[in-house]
Amino acid sequence: MADRTASRSGSVGSAIVNALLLYGINAWPGWQVLPFLTGDMPRTLDLINASLITGIIVNLVCAVIHSRALLALGNLVVMGVGVAAMLRLWDVFPFDFGTGWSGWAVLVRVLLVVGIVGSAIGAIVELVNLFRALAGLEPRAR
């Protein structure tokens, strides 16, 4: 029972964080306050917002309906939209780091690659979790 309560509170907490990010990016204070973001940032916002909204929906549904298969499927969807957002950030690259350290652009690209590769690995794990849940196999002990 304690594990289920922790899972619910974690899902609700994640939904709240995503909602705060969504509000912070789009309303107040807005992405414009960050000096390293360029006027191309709106070209990426649709997928960034979709990723955050998908995360909110999946986390709230999983907080109400406790199902390993549903959680795995939801995580797959969230990761897919997140990868799409990271690929859009890679393509548009709405960052201008000025005349400071010249390695910032490379660092951001490396972090995007890490996020994309990490999401791909996570997707494989969630696919395994989904098939295990659908087959009725118990999760592995941690």
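The values are calculated or read from the model by the stated rules, or taken from the named source; none is laboratory data. Everything quoted here is computed from the prediction, not taken from an experiment. These area figures cover heavy atoms from the full protein model, side chains too; ligands, DNA and RNA do not enter into them. Shrake-Rupley method; radii C 1.70, N 1.55, O 1.52, S 1.80 Å.
Miscellaneous remarks
- Just the protein heavy atoms count here, and of the accessible area of the chain at 1.4 Å, carbon and sulfur take up 70 percent.
- Using alpha-carbon coordinates, inclination of helix 42-64 to the longest axis of the chain, degrees: 20
- Across the chain, the mean sequence separation of Cα contacts (distance under 8 Å, 6 or more residues apart), normalised by length, yields a relative contact order of 28 percent.
- Per residue Cα convex hull volume in Å³ - calculated over the chain: 128
- Accessible surface, per residue, of segment 62-142 when the full set of protein chains is kept, probe 1.4 Å, Å²: 65
- Backbone amide hydrogens, once placed in the peptide plane, bring F95 within less than 5 Å of T38, excluding anything fewer than 5 places away on its chain.
- Against the main long axis of the alpha-carbon atoms of the chain, helix 2-26 sits at an angle near 20°.
- Separation of segment 60-104 and segment 1-57, taken as the distance between their Cα centroids, equals 10 angstrom.
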